[in-house]
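Each remark here refers to the structure printed beneath this line.
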Amino acid sequence: MSKKTVKQKTSLGKMLKRNRRIPVLALVRTHRRIQQNKFQRDWRHRKLRIKK
């Protein structure tokens with residue numbers, strides 16, 4: 001396994017938080033104006049761009 005720097009770990013954590021689903025309650029309250037999370041990605045196909 002490769003060693004990650006603290007900076008890489010924090011940016012990975014941020015990306016994971018951004019990647020989360022939009023809560024159902026938020027969708028209901030906004031009458032589905034926010035349909036999808038634009039930060040979500042298909043982890044198999046799209047790489048996470050992290051500057052070193």
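The values are calculated or read from the model by the stated rules, or taken from the named source; none is laboratory data. If you're wondering where the values come from, they're calculated on a predicted model, not measured in any experiment. For the accessible areas, the whole protein counts, side chains as well, though only heavy atoms, and no ligand, DNA or RNA atoms are used. Shrake-Rupley method; radii C 1.70, N 1.55, O 1.52, S 1.80 Å.
Side notes on the structure shown:
- Accessible surface comparison of Ser2, Ser11, probe 1.4 Å, protein chains only, largest first: the order is Ser2, Ser11.
- Additional length obtainable on full extension of the chain from Arg21 to Asn37, 0.36 nm per residue less Cα span: 5.1 nm
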